[in-house]
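The values are calculated or read from the model by the stated rules, or taken from the named source; none is laboratory data. Given the structure is predicted, the values throughout are model-derived calculations rather than measurements. Cβ coordinates were reconstructed from backbone atoms using ideal geometry, including for glycine residues, and neighbour counts include every protein chain displayed. Calculation scope for accessible area: heavy atoms of the full protein, side chains included, ligands and nucleic acids excluded. Shrake-Rupley method; radii C 1.70, N 1.55, O 1.52, S 1.80 Å.
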2 protein chains.
Amino acid sequence: MSDNLKLSNQVCFPLYTLAKEVIKKYRPILIDLDLTYPQYLVMMVLWEEGIQNVSEIGNKLSLDSGTLTPLLKRLEQKELIIRKRKTEDERIVTISLTENGRKLENTAQCVPNKIVETLNIDTEDLQQLKNIINKINSKITK
Amino acid sequence: MSDNLKLSNQVCFPLYTLAKEVIKKYRPILIDLDLTYPQYLVMMVLWEEGIQNVSEIGNKLSLDSGTLTPLLKRLEQKELIIRKRKTEDERIVTISLTENGRKLENTAQCVPNKIVETLNIDTEDLQQLKNIINKINSKITK
DNA sequence: GTAAATTAGATTGTGCACAATTTAATTTTG
DNA sequence: CAAAATTAAATTGTGCACAATCTAATTTAC
């Protein structure tokens, strides 16, 4: 077998594994908020930026409506968000936080620290990873 | 909002996005082999290591039986692999390549080069990403 | 001003991903 | 050796992820 088909020589596989591994670390922490990782991302967008269209959330998280629509319906069922069609342009659905959704931000404050603890990666390595990923992401997604 | 809850300050989100983005680049290339990315990973294990148990594949790819069983059944339907229970220990299912499955390795030779082309990332950046991810992966998955 | 193009979400269908449970076989222990 | 523990896959159920298609509303071009 030629070397370039070897699993160990490829970059995508370790990237794919690490991403799954890190999300797995979030699970027991986010269970306290009754959120999955993608749901947590949506909530962060809303906490950070307030009321948003579905497409705005999609752009920020690189997720399409086929993923977001059912996810947002689950957040609505948990009474964390409200989905409402705009009167000016009824194609547009705006997503806003409920009181519960807003309050959840306080509970979420501890999440990043808990993650850093459980990941247990050198701060330097983490920073290096962040830098190189951001560098590549900015080139690749256009 | 406290800074540590900001999306931009977290490492997991760019990691998760980059992994999805890279897998997305594989899709149009793997479509020629009629494989998804996880199916391609399984085929690479088999090309590289030959006949394997389900659990051995699972360990190498960090995937559990709930993921692998249906995936392997799809590969079996495509007549790329054979699933066979061991006679010595009938709990164990061994996965081997069919003639078609073996032949597909030739077609797959071009995949890594095509990926490097379409990713269009500096070789240095790619190497740096690979190094830091491998370093972190080896610490995190134990 | 109306037909064509564009835009925004929703829907549908396929395929992971994984936790939890089940089933069946093998090993270990008393 | 028989009961208990362990092991290996399969099954079930929930939740993404995304391509493709659909529906309806708005823009634009003529």
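Report, to the nearest 10°, how far helix A:37-49 tilts away from the longest principal axis of the Cα atoms in chain A, using its own Cα long axis and a range of 0 to 90°.
60 degrees
In nm, what is the difference between 0.36 nm times the number of residues separating A:Glu88 and A:Asn113 and their Cα-Cα distance?
Details: separation 25, 0.36 × 25 = 9.00 nm, distance 4.20 nm.
Value of the extension gain: 4.8 nm.
By Cβ position, which chain A residue lies least far from the axis that rotates chain A onto chain B, and what is the distance to the nearest whole angstrom?
Result for the axis mapping A onto B: A:Ala19, 2.
At 222 nm, what helix-only mean residue ellipticity would chain B give, in deg cm²/dmol to the nearest 500, using -39500 (n - 2.57) for each DSSP H run of four or more? Working shown, then result.
Values: 7 runs with 90 residues, N = 142.
Helices in chain B give a 222 nm mean residue ellipticity of -20000 deg cm²/dmol.
Below 26 Å, Cα to Cα, which lysines can B:Lys86 reach? Residues fewer than 8 away in the same chain don't count.
Counting by Cα, and skipping residues close in sequence, B:Lys86 has these lysines nearby: B:Lys60, B:Lys73, B:Lys78, B:Lys103.
So between B:Glu79 and B:Lys103, what do we pick up on full extension, going 0.36 nm a residue minus the alpha carbon distance?
Details: separation 24, 0.36 × 24 = 8.64 nm, distance 1.16 nm.
Gain in length upon complete extension: 7.5 nm.
Taking a cut-off of 33 Å, what percent of all Cα-Cα pairs in the protein assembly as shown are separated by more than that? Walk me through the numbers before you get to the answer.
Numbers: 13270 of 40186 pairs.
So the portion of pairs separated by more than 33 Å is 33 percent.
Which of the residues in segment A:36-56 show a loss of at least 30 Å² in accessible area from their chain by itself to the complete set of protein chains, at a probe of 1.4 Å?
A:Tyr37, A:Leu41, A:Met44, A:Glu48
To the nearest 10 Å², what's B:Arg83's accessible area with a 1.4 Å probe?
In the full protein context, B:Arg83 sits at about 80 Å².
Which distances, in nm and shortest first, link the A:Ser138 label point to the same label point in every other copy, taking 7 Å along Cα→Cβ?
3.0
Loop-only GluC sites (Glu not before Pro) in segment B:52-142, please: DSSP not H, G, I, E or B, and at most 15 other Cβ atoms within 10 Å. Before the final figure, lay out the partial values.
Working: sites: B:Glu56, B:Glu76, B:Glu79, B:Glu88, B:Glu90, B:Glu99, B:Glu105, B:Glu117, B:Glu124; in loops: B:Glu79, B:Glu88, B:Glu90.
Passing both the DSSP loop test and the Cβ count: B:Glu79, B:Glu88, B:Glu90.
Which distances, in nm and shortest first, link the B:Asn59 label point to the same label point in every other copy, taking 7 Å along Cα→Cβ?
4.8
In segment A:111-132, what residues drop by 30 Å² or more in accessible surface going from the chain by itself to the full protein assembly, probe 1.4 Å?
A:Pro112, A:Ile121, A:Asp125, A:Gln128, A:Leu129, A:Lys130, A:Ile132
If I take the Cα coordinates of segment A:36-130 and project them onto the principal axes, what are the three extents in Å, biggest first?
So the extents along the principal axes, rounded to whole Å, are 50, 25, 20.
Can you give the accessible area buried between chains A and B, summed over both chains, with a 1.4 Å probe, in Å² to the nearest 100? Walk me through the intermediate numbers first.
Working: alone 10370 and 10360 Å², together 15070 Å².
Summing both chains' loss of accessible area gives about 5700 Å².
With a 1.4 Å probe and all protein chains left in place, how much of the accessible area of segment B:3-140 comes from carbon and sulfur atoms, in whole percent?
Working: 3410 of 7130 Å².
For segment B:3-140, the apolar C and S fraction of the accessible surface comes to 48 percent.
When ligands, DNA and RNA are left out and all protein chains stay put, how many square angstrom of accessible area per residue does chain B have with a 1.4 Å probe? Please report the intermediate quantities before stating the final value.
Values: 7530 Å² over 142 residues.
The answer is 53 Å² per residue.
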